[in-house]
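Here's the structure, in structure tokens; my notes come after.
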């Protein structure tokens, strides 16, 4: 059974977002809430507010995936900003909240554990 995706943040025209959408479609996963990064953009402080209730962030760039454990508050702002903010200074997309985990970017192998 596919997990419940609470929130999906994506940008139209983004190649990584298109790959994420194809992955979700292929596995029959439907998010409860979809938000367009073309319409709503979050700076660092706003993005931090989105992390309420999140215990883990899995952030991917290219072929690498980094996991940040937020439980216990041991992650500093610099590491958090590197994981969630893109070169534009805004929240990265695609991003998915699944349970208490936030997945950012797209890495099929890394995300299989959380989405399948």
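FYI, it's all coordinate maths here, none of it is from the lab. Given the structure is predicted, the values throughout are model-derived calculations rather than measurements. Positions of Cβ are generated from backbone atoms using ideal geometry, with glycine treated the same way; all protein chains shown enter the neighbour counts.
Residues 5, 96, 54, ranked from the fewest to the most other C-beta atoms within 10 Å, line up as 54, 5, 96. Largest GNM mean-square fluctuation among 47, 95, 79, using the chain with Cα springs under 10 Å: 79. Its residue count N fixes a reference of 2.2 N^0.38 Å for region 1-105, and the Cα radius of gyration divided by that reference is 1.01.
Cβ crowding within 10 Å, taken as a proxy for footprinting-reagent exposure, orders 82, 39 from fewest neighbours to most as 39, 82.
Note on the chain: GNM, Cα springs under 10 Å; of 57, 104, 29, the largest mean-square fluctuation is that of 29. Here 113, 108 are placed in order of increasing Cβ neighbour count within 10 Å, fewest first, which gives 113, 108.
In the chain, helical runs assigned H by DSSP with n ≥ 4 each contribute -39500 (n - 2.57); averaged across all residues and rounded to the nearest 500, the mean residue ellipticity at 222 nm is -8000 deg cm²/dmol. A Gaussian network model of the chain, with springs between Cα atoms under 10 Å, assigns the largest mean-square fluctuation among 92, 61, 41 to 61.
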